[in-house]
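**Q** Dumping the structure here so I can ask a few things about it.
Each reported figure results from applying straightforward, stated rules to the coordinates on display, with no laboratory input. None of these values were measured; they are calculated from a predicted model. Heads up, the Cβs are rebuilt from the backbone with ideal geometry, glycines too, and the neighbour counts pull from every protein chain shown.
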Amino acid sequence: MFDIGFTELIVIGVVALIVIGPERLPKVARTAGHLYGRMQRYVSTVKSDISREMQADELRKVGQDFRTSVESVATDVEQQATVVDDYLRNETSNVSKVLTAMGTTEGERQVTAAAMKESAPEPVAQQSLPLDEPDQNPAPSDPASGKAA
């Protein structure tokens, strides 16, 4: 930082010895050393405080970016869920219209609820999968034999 060589330090020491005197020079040097140490500690404290503030600011920015991305993903998921929900409602409406049309245009025979139950396949129970523990899934069962594979 400062460009002070050994010869300049010797000149400063000789001038200090002449001006201050040999009795008070050790006390002044000790006091100057303490003040220099305090100054270094103060500067290092200020540097660490500035560094901590910069890191806290960076963390706030990262947190805000993360919050923004999570909100964006949540919005996208809600939009996709709405699209799927609308599609399923539309398909349910179409199936209801077809069943109503079949009941009225079947000719002489009216389609009854009992006939619908006989022709409709039995609903299959849906298996839930534990997503957090994939190794715990039960082995798929063979419906023909009733045994696990």
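**Q** Roughly speaking, what is the stretch gain from E53 to L99, that is 0.36 nm per residue apart minus the C-alpha to C-alpha distance, in nm to one decimal?
**A** Working: separation 46, 0.36 × 46 = 16.56 nm, distance 6.81 nm.
Length difference between fully extended and current span is 9.8 nm.
**Q** If I take the Cα coordinates of the stretch 6-75 and project them onto the principal axes, what are the three extents in Å, biggest first?
**A** Largest first, the stretch 6-75 extends 79, 23, 12 Å along its Cα principal axes.
**Q** Residue by residue, what Karplus-based ³J(HN,Hα) values in Hz, rounded to whole numbers, does the stretch 35-42 have, using 6.51, -1.76 and 1.60 with θ = phi - 60° and x for Gly and Pro?
**A** Once rounded to whole Hz, the list reads 5, 5, x, 4, 4, 5, 5, 4.
**Q** Now for a separate question. Using each residue's phi in the stretch 61-78, evaluate 6.51 cos²θ - 1.76 cosθ + 1.60 at θ = phi - 60° and report the 3J(HN,Hα) Karplus result to the nearest Hz, with x for Gly and Pro.
**A** 5, 5, x, 5, 4, 5, 4, 5, 5, 5, 5, 5, 5, 4, 5, 4, 5, 4
**Q** Report the residues of the stretch 1-34 in range of a label on Y42: point 7 Å along Cα→C-beta, backbone N strictly under 17 Å from it.
**A** What the label zone holds, given the 17 Å backbone N cut-off, is 31-34.
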